[in-house]
1. What number comes out for the charge environment of residue 106, summing +1 per Lys or Arg and -1 per Asp or Glu over other residues with Cβ under 12 Å away?
2. In whole Hz, what ³J(HN,Hα) sequence does region 71-88 give by Karplus (6.51, -1.76, 1.60; θ = phi - 60°), x for Gly and Pro?
3. Would you list which lysines come within 24 Å of residue 66, measuring only between C-alpha atoms, while excluding same-chain residues fewer than 8 positions from it?
4. Evaluate the distance, in nm, between pseudo-label points positioned 7 Å from the Cα of residue 29 and of residue 68 along their respective Cα→Cβ axes.
5. Around residue 41, what is the net charge, scoring Lys/Arg as +1 and Asp/Glu as -1 over all other residues with Cβ under 11 Å from its Cβ?
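We did not get these values from a lab; they are worked out from the coordinates using the rules stated. Small disclaimer: the values here were computed from a predicted structure and weren't measured. When we count neighbours, we look across all protein chains shown, and the Cβ atoms used for this are built from the backbone with ideal geometry, even at glycine.
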Amino acid sequence: MKRFALIFVSIAATVLSMTSCSSDDDDVNPNFDESLIIGKWKSGTLYERYDLDYSGATWDTADDVKEEEAQNFTWTITKDQLEQIHIMKNGVVPKVYTITNLTATTLVYEDAYGKSKSFSKI
């Protein structure tokens with residue numbers, strides 16, 4: 001019986017020592033370097049600008065909208081979540097996207113419905 005208890009304790013100690021303290025969420029939800037998003041981005045006729053002070057703007061030249069007339073927003077990045085808070089006359093409209101790729105030249109995100117947008121830095 002002592003031998004069984006000793007084996008059990010040895011196995012339990014081995015299993016506990018193999019348990020990692022790091023979160024598996026880091027593999028599922030990577031952290032993106034928010035400094036990479038700073039600048040102006042283009043996807044077809046759609047433009048987005050992300051400024052250092054966490055403000056930004058979006059406009060679409062297909063709608064005959066210029067940067068000076070752009071829709072203003074504030075933004076944050078938490079892990080792989082990009083949140084834009086659009087500033088409207090009657091309040092604010094939050095938009096949340098999942099970043100799938102962010103490099104110095106490429107930004108790709110998708111909305112909650114799986115629709116993806118790919119931007120190039122200009």
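1. Details: positive: 42, 117, 121; negative: none.
Within the 12 Å Cβ shell, the charges total +3.
2. In residue order, the calculated couplings are 7, 7, 8, 10, 9, 9, 10, 10, 6, 10, 9, 9, 10, 10, 10, 6, 9, 9 Hz.
3. Hits, sequence-local ones excluded: 40, 42, 89, 95, 117, 121.
4. 4.2 nm
5. So the environment of residue 41 carries a net charge of +4.
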